[in-house]
Amino acid sequence: MKRVNKRGQFYLVAAMIIVAIVIGIASFSNYTNQRTSQHVYDLGQELGIESANILDYGTMNGSNTTELLENFTDSFEQYAGENVELYFIIGNENNIQAYRYINREKEEVDFAHGEGDITIKVDSNDYKFKLASGENFYFVISQEVGGEKYVATN
């Protein structure tokens, strides 16, 4: 009987374990980066659904929808988390308000009101929204992740 060299098998098994660890770390890193950027888009979808429900509720009950939306946006800002910029445009053709939340601070922002539309500037980009008759609610959500800017609007 020949003696088999067990030393070669040890190096082969060790190499396979190291490769598995490296692949696992790379996969986890890609997964966490992907989930972070998805956060903004998930917030946009949730905000779109919830704001529509609030407008419906206010209309059906004869409530002041602008006031309901302002209360909602105050709460939503806390839900969105840190380092997420939220821009909200609320109101009707006669009374429009635009403001921004960032890190729990609220401030009014300037906007351009044209013929049937409104434009708000976020960083160096203009976002234009068409004003409908009745109550309007528009938003821009932005977050910088890893040097890239992610934006969601309605």
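Identify, from the list 114, 62, 58, the residue that is over 18 Å from the mean Cα position of the chain (by Cα), farther than 18 Å from residue 128 by Cα and free of Cβ contacts under 8 Å to residues at least 40 places away in the same chain.
Numbers: 114 fails: farther than 18 Å from residue 128 by Cα; 58 fails: free of Cβ contacts under 8 Å to residues at least 40 places away in the same chain.
That would be 62, the only listed residue that is over 18 Å from the mean Cα position of the chain (by Cα), farther than 18 Å from residue 128 by Cα and free of Cβ contacts under 8 Å to residues at least 40 places away in the same chain.
Conditions: (1) surrounded by fewer than 17 Cβ atoms within 10 Å (Cβ to Cβ); (2) under 18 Å from residue 44 (Cβ atoms). Residue 92 meets all but one. Number of the miss?
It is condition (2) that residue 92 fails.
Kindly indicate the residue of the stretch 94-109 that is farther than 15 Å from residue 77 by Cα and touching a helix residue (DSSP H, G or I) at 6+ places or on another chain (Cβ under 9 Å) and also modelled with the lowest pLDDT among those meeting that condition. Steps first, please.
Start the filter on the stretch 94-109 by keeping residues that are farther than 15 Å from residue 77 by Cα, which leaves 94-97, 109.
With the extra rule that they be touching a helix residue (DSSP H, G or I) at 6+ places or on another chain (Cβ under 9 Å), the set shrinks to 95, 97.
Values: 95: 85, 97: 88.
Per the stated criteria, the residue is 95.
Within the stretch 141-153, can one find any residue that is farther than 25 Å from residue 39 by Cα and part of a strand (DSSP E or B)?
Of all residues in the stretch 141-153, those farther than 25 Å from residue 39 by Cα come to none.
The answer is no, given that none of the residues of the stretch 141-153 is farther than 25 Å from residue 39 by Cα and part of a strand (DSSP E or B).
Which pairs turn up if I take residues in the stretch 128-154 that are free of Cβ contacts under 8 Å to residues at least 12 places away in the same chain and on the phi > 0 side of the Ramachandran plot and look for partners that are crowded, with 17+ Cβ neighbours inside 10 Å and assigned to a strand (DSSP E or B) with beta carbon separation below 7 Å, at least 6 apart in sequence or on another chain?
Short answer, once both residue conditions are applied: none.
Give the stretch 46-87 a look and list any residue that's in contact with an Asp or Glu (Cβ under 8 Å, 6 or more places away or on another chain), farther than 16 Å from residue 140 by Cα and either β-branched (Val, Ile, Thr) or crowded, with 19+ Cβ neighbours inside 10 Å (or both), or say none.
Listed by number, the residues that qualify are 59, 65, 66.
Residue by residue through the stretch 88-105, note down the ones that are under 17 Å from residue 136 (Cα atoms) and of a type in the set (Val, Ile, Thr).
Our first condition is that a residue be under 17 Å from residue 136 (Cα atoms); within the stretch 88-105, this holds for 88-100.
If the condition is that a residue be under 17 Å from residue 136 (Cα atoms) and of a type in the set (Val, Ile, Thr), then 89, 90, 96 are the ones that fit.
Select from the stretch 117-136 the residues that are more than 16 Å from the chain's Cα centre (by Cα) and within 24 Å of residue 80 (Cα to Cα) and list them in ascending order. Don't jump to the end; show me each part of the working.
Start the filter on the stretch 117-136 by keeping residues that are more than 16 Å from the chain's Cα centre (by Cα), which leaves 117-121, 124-126, 128-136.
Passing the criteria: 119, 120, 121, 124, 125, 126, 128, 129, 135, 136.
Against the definition (of a type outside the set (Asp, Glu), without any contact (Cβ under 8 Å) to a residue 24 or more places away in the chain and surrounded by 17 or more Cβ atoms within 10 Å (Cβ to Cβ)), how does residue 98 come out, yes or no? Even if it seems obvious, please write down each step before you answer.
Working: of a type outside the set (Asp, Glu): yes; without any contact (Cβ under 8 Å) to a residue 24 or more places away in the chain: yes; surrounded by 17 or more Cβ atoms within 10 Å (Cβ to Cβ): yes.
Yes; evaluated as a whole, the condition is true for this residue.
From the set of residues in the stretch 96-140 that are β-branched (Val, Ile, Thr) and part of a strand (DSSP E or B), which is nearest to residue 46 (Cα to Cα)?
Within the stretch 96-140, the subset β-branched (Val, Ile, Thr) is 96, 102, 109, 118-120, 122, 140.
Add one more test, that the residue is part of a strand (DSSP E or B), and what stays is 96, 102, 118-120, 122, 140.
On the way: 96: 23, 102: 18, 118: 23, 119: 23, 120: 21, 122: 21, 140: 13 Å.
Of everything passing the filter in the stretch 96-140, 140 is nearest to residue 46 (Cα to Cα).
The values are calculated or read from the model by the stated rules, or taken from the named source; none is laboratory data. The structure displayed is predicted, hence computed values, not measured ones. Cβ: placed from backbone, ideal geometry, glycine included. Neighbour counts: every protein chain shown.
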